[in-house]
Amino acid sequence: MLDIQTLRTTRKHDAIAIGSHKGIMQSMLDFEFLAGYTEPSLKAIISTGTKYVKLFFGKDEVLIPVFNQLSKLPGDISKNTNFIINTRSARRVLASTQEAIDRLPNLLVSVIFAENVPEAHAQQLINLSQENNSTIIGPASIGILVPQRLKLGAIAGVQARQLVASQLFEKGETAVFSSSGGMTNELIRSLANVGIHLSFAVSFGGDRFPAFSPLDGFLAAEKDKETKHIVYFGELGGYDEYELIEHIKKGDITKPIICYIGGTVAEMFATPPQFGHAKAMAARGEETALAKTKALKAVGVHATTSFSTFTQLVETMITRKSSSKKNTESESRLKVIEGRKASLFVNSVSRDVGGSVEIVGSELLKQAQSYSYGNIVMSMLLGKRITSKPLGNFTEFVLKLVVDHGPYVSGAVNTMVAARAGKDLVSSLSSGLLTIGPRFGGALNQAAQHWLTGTITDTTPDEYVESLARQGKRIAGIGHRKYRSDNPDPRVKPIIAYATILSHHRFIDFALAVEKITTEKKGNLILNVDGAIAGVLLDLLEQEEQYSPKDLQELIDIEFFNALFVLGRSVGFTAHYLDQRRKDEGLFRLSPQEITFTKL
Amino acid sequence: MARVKLTEYKAKKLLFTSLKIQYEGYSFDDASIPFAKRLSADKKYVVKVDQGVKGRMKKGLVVLQVEAKNIAGIYKKFHEKGYGRIIVEPQIIYNPEQERYLSIERIRTGFRILYSRHGGIHVEDKANTMQESILPIVTNRSKDKSLYDKELHTIAAALGIQEEIIRHLHDFFTDYYCSFLEVNPFVLIDGKLHILDLAIEVDSTARFFARNAWSNEDIASHTQSSEEEQVVQQLNDQSQAALSLTLLNPRGTIWLLLSGGGASLTIADEFYNLGHGKELGNYGEYSGNPNEEETYLYTKQLLNLAFKSNQKKIRILIGGGVANFTDVRTTFRGIAKAFEEQKTQMKKHQTRVFVRRGGPHEAEGLSIMKEWLSKNDMLGVVSGPEIPLNEIVKRVINQS
């Protein structure tokens, strides 16, 4: 059973969102900021399309990580999750809730937002909730609210101003329940207007079988020491109120209840009409608003069929706190929220601080004086300051090694052709850079992919080579035009030396094992410079900077490994451009002999 | 939407197919009765209005012992009473004392089965013979099915029929996501099951899971709805938003543009409770963040109905709670566009407009409306959530 006091006293309560509803999530973060939290409790979002969702916490933006499946959630988040806001569509509600309960051991409360969940699924949600002793609120619920502690869902509003106006940062003695989301907010706001504050509030949802039923709510309120009164908005349709009545008769619920059952207007219709909420239809006599109100009155509930009478009852029966006193803390925090502006980009590379440039968090000039060029480049490429000295040194070494490979390669040729056509520096350099791709200069990234996949999937080098051979594919990072196993590339050995000084170097080991197999087939199928650099970089990142295989895969996906080649080789292309302009041989043109004509 | 009633014809088609019983009924919805030729001249038929009306026999909407050639005439008579869809079935001869009753209703904890050996049109008078069993929910996660089997046995024994029949009915009920199923009566002739009258409510939200076994055309509707109501229905079917419009009183003087399930109900209740229910022309809601165009089209239909009332003075209430996501500025632009288009007619009917609404872009929305109403001299009250829901109703009534 839901224990409200636990929600109030639990110091830390982590939440995740299943489905990404920005308006709802932002309102939860705003609530927590206004309540004086130092960080948001929303730890992750299960959704697709992006890696992060950018939300405000106060005036600053925070990035909440997105995972495409619940099973991908990091272990500590799974373990610490107490709350779920589920905004998946009606069709996905049952399956996603079931999965969440199965996977999250410390789940306390899930709120289900979707409308139009089938009744049959709601019945199963009720079973799930009971069997696992995990509270499910909804479907079609805007959530649960405990003043100053917890806002799970859109409850009480989605605009910061509304949250402050509804005085959600004051503790009170009145529990508010409603089958209608809009009326939950309406009641909270109107209570605040007359100086009545909440002990907690729940929106049950307007479906026929709310998984957290009015009875569940009333029993929680009865048990809760802070709650002195219960205010309830119910509607025609269904039998939930009769369940309540049974328990009032038994003495399980004793606190004073003021309630309004909406739907007397149905009496005007010739046949029972369906109102907005799924349950709001009284097909049978005892489901009408009049019948329910009568039955509730008979057991001593202050029940009425009129909203006017209802509000009068509330005002006369509940002692109010002084209404004029404003919560100045939340008011001043609201000013912070209202002054914020969404950014267009997020970046971790550099920024301008008071006119000077800051690179990955520290001032550039100071860095230029104390760090190597390799360190600065690698830090910027990774978006954070690297701590490994060998990685900085290696980067610098690589930048030098890839600087040029003679004027014969495609990129250099294009640069020179453009230069001789009279194009400017940037155009000629671009023409060379644009040549870099899968066949020229793109081998670093491809090789990194081979070594990563081969190593982490526990494939033996034999199997790996064999599977590629079967597909008729070349292995990037393997093979040289000139050098052979008996006449090795002199550059490779010093490259590998950067990895072999590490205590573990599984990626370069895999690459070398592959080389052993390929050179047995053909002498020139040696590990080349690209393959060696890729392997060493993977090892350095894993051992020195604690990159996980997932992080490394991400670097491959965003073409990080090729970046080193592009940067280094730009020097070569620029040199060839300047060289050609100095020589100035005029426009370059091929002669007919150099191109063979053939009919298709 | 939620629970909707299928036509008897569709209900029987579905159930009989599932029980592997041949169904010999026909459904007609026009006077030419194209199927009449297929009906046998020697047989007698039952002709019933098939629009979900309760107590048809008592209301004279069932005719027994009809010859095929007379069906068209009966259809015409029903049509004059405002009905348009009938079901025709071969007359079955049986002893009325054999009529039995069974209904299944989906409830929170499972399925409530009501049953009696004494069914038929006077079933309410035989309430003391009615028995009740609750079947628990059984899913592939359930371990213990013994309670389910035990209840099934009890029901079958009490009705004197095979357990298999009850099991089939219940399987059908869950397979098709039914909410309510009533067989009244059914009879056993020579051990064979005959379902004479059948009513089924299905869960409209589950159509996808029920493999689209029914469509909108299979849903029984009591009366011919007005053109405006039909347009809004279509609009709703094609929209992400929830739009509904029901004509209550064609001569109404107060017309409602409501949003939000609970707040709409509260406002309508308030008129009814204060004794002004008869003045309400309509009930309806625009919810779920409709766009400007949808709100414009919706408002246009409401205005059409209001003008048709031929009332000299019209009051319009744009009412609702504080929306979470429905954009007040966008929806109010749509409403104002329809008003602008119809302002001559609105002035002719001395229209006065009252507003109480909150939500995203509330300030802009309210000011758009206030400005338009002032300029055109139709301003009643324009307010945000600072006045209570019931207060705006009082203002409308006081100025009527």
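The values are calculated or read from the model by the stated rules, or taken from the named source; none is laboratory data. Values in this document were obtained by computation on a predicted structure and should not be read as measured data. Neighbour counts run over all protein chains shown; Cβ positions are idealised from the backbone, glycine included.
On the basis of being surrounded by fewer than 23 Cβ atoms within 10 Å (Cβ to Cβ), more than 14 Å from every other protein chain (Cβ to nearest Cβ) and part of a helix (DSSP H, G or I), does B:E340 make the cut?
So B:E340 fits the description; yes.
In the stretch B:329-350, what residues are β-branched (V, I, T) and either without any contact (Cβ under 8 Å) to a residue 40 or more places away in the chain or out of contact with any strand residue (DSSP E or B) (no Cβ under 9 Å at 6 or more places or on another chain) (or both)?
Listed by number, the residues that qualify are B:T330, B:T344.
Taking the conditions exactly as written (out of contact with any Ser or Thr (no Cβ under 7 Å at 6 or more places or on another chain), under 23 Å from A:I230 (Cα atoms) and hydroxyl-bearing (S, T, Y)), does A:S350 satisfy them or not?
Criteria not met by A:S350.
Check whether at least one residue in the stretch B:136-144 is touching a Ser or Thr at 6+ places or on another chain (Cβ under 8 Å), under 29 Å from B:K13 (Cβ atoms) and within 11 Å of chain A (Cβ to nearest Cβ), and report yes or no.
Among the residues of the stretch B:136-144, at least one is touching a Ser or Thr at 6+ places or on another chain (Cβ under 8 Å), under 29 Å from B:K13 (Cβ atoms) and within 11 Å of chain A (Cβ to nearest Cβ), which makes the answer yes.
Would you mention how many residues in the stretch B:54-73 are surrounded by 17 or more Cβ atoms within 10 Å (Cβ to Cβ) and at pLDDT below 90?
3
Please enumerate the residues belonging to the stretch B:310-325 that are touching a Gly at 6+ places or on another chain (Cβ under 6 Å) and among the β-branched types (V, I, T).
The one that is touching a Gly at 6+ places or on another chain (Cβ under 6 Å) and among the β-branched types (V, I, T): B:V322.
Condition first: part of a strand (DSSP E or B) and more than 29 Å from A:S180 (Cβ to Cβ). Can you find one or more residues in the stretch B:346-369 that meet it?
no
Given (1) closer than 30 Å to B:L147 by Cα; (2) out of contact with any Ser or Thr (no Cβ under 8 Å at 6 or more places or on another chain), identify the lone condition not met by B:A2.
B:A2 satisfies every listed condition except (2).
Given the condition over 25 Å from B:F271 (Cα atoms), among the charged types (D, E, K, R) and part of a loop (DSSP other than H, G, I, E, B), answer yes or no: does some residue in the stretch A:251-272 qualify?
The answer is yes, given that some residue of the stretch A:251-272 is over 25 Å from B:F271 (Cα atoms), among the charged types (D, E, K, R) and part of a loop (DSSP other than H, G, I, E, B).
I need a count of the residues in the stretch A:389-438 that are in contact (Cβ under 8 Å) with a residue 12 or more places away in the chain, part of a loop (DSSP other than H, G, I, E, B) and under 22 Å from A:R481 (Cβ atoms).
Counting residues in the stretch A:389-438 that are in contact (Cβ under 8 Å) with a residue 12 or more places away in the chain, part of a loop (DSSP other than H, G, I, E, B) and under 22 Å from A:R481 (Cβ atoms) gives 8.
Give the residue, chosen from A:A120, A:A95, that is within 24 Å of A:S180 (Cβ to Cβ) and in the same structural domain as A:G19 (by TED's automatic domain parsing).
A:A120
Return yes when A:A513 is surrounded by fewer than 22 Cβ atoms within 10 Å (Cβ to Cβ), closer than 15 Å to A:L401 by Cβ, in the same structural domain as A:Q449 (by TED's automatic domain parsing) and hydrophobic (A, V, I, L, M, F, W, C) and no when it is not.
It is false that A:A513 is surrounded by fewer than 22 Cβ atoms within 10 Å (Cβ to Cβ), closer than 15 Å to A:L401 by Cβ, in the same structural domain as A:Q449 (by TED's automatic domain parsing) and hydrophobic (A, V, I, L, M, F, W, C).
Suppose the filter is part of a strand (DSSP E or B), in contact with a His (Cβ under 8 Å, 6 or more places away or on another chain) and farther than 19 Å from B:R112 by Cα; does B:L188 pass it?
Criteria met by B:L188.
Return yes when A:R333 is assigned to a loop (DSSP other than H, G, I, E, B) and within 30 Å of A:S166 (Cβ to Cβ) and no when it is not.
No: the conditions fail for A:R333.
Considering only residues that are within 14 Å of A:T184 (Cα to Cα) and among the polar types (S, T, N, Q), look in the stretch A:155-166 and name the one that is nearest to the other protein chains (Cβ to nearest Cβ).
Top of the filtered list is A:Q162.
Being outside any helix (DSSP H, G or I) and touching a residue at least 40 places away in the same chain (Cβ under 8 Å) narrows it down to one residue among A:A476, A:A447; which is it?
A:A476
For the stretch A:579-600, which positions are surrounded by 13 or more Cβ atoms within 10 Å (Cβ to Cβ) and closer than 30 Å to A:V398 by Cβ?
Passing the criteria: A:D579, A:Q580, A:R581.
Among the residues of the stretch A:327-363, write down those that are touching a residue at least 12 places away in the same chain (Cβ under 8 Å), hydrophobic (A, V, I, L, M, F, W, C) and surrounded by fewer than 18 Cβ atoms within 10 Å (Cβ to Cβ).
A:V336, A:A342, A:V346, A:V349
Looking at A:A278 and the list (1) assigned by TED's automatic domain parsing to the domain that holds A:S178; (2) within 44 Å of the chain's Cα centre (by Cα); (3) assigned to a helix (DSSP H, G or I), which single condition is not satisfied?
If we test A:A278 against (1) assigned by TED's automatic domain parsing to the domain that holds A:S178; (2) within 44 Å of the chain's Cα centre (by Cα); (3) assigned to a helix (DSSP H, G or I), just (3) comes out false.
Considering the stretch B:209-257 alone, what residues qualify as being part of a loop (DSSP other than H, G, I, E, B) and free of Cβ contacts under 8 Å to residues at least 24 places away in the same chain?
Answer for the stretch B:209-257, where residues must be part of a loop (DSSP other than H, G, I, E, B) and free of Cβ contacts under 8 Å to residues at least 24 places away in the same chain: B:R211, B:N212, B:S215, B:S225, B:Q238.
Can you name the condition, by its number, that A:G182 falls short on among (1) farther than 22 Å from A:M281 by Cβ; (2) without any contact (Cβ under 8 Å) to a residue 40 or more places away in the chain; (3) within 12 Å of another protein chain (Cβ to nearest Cβ)?
(1)
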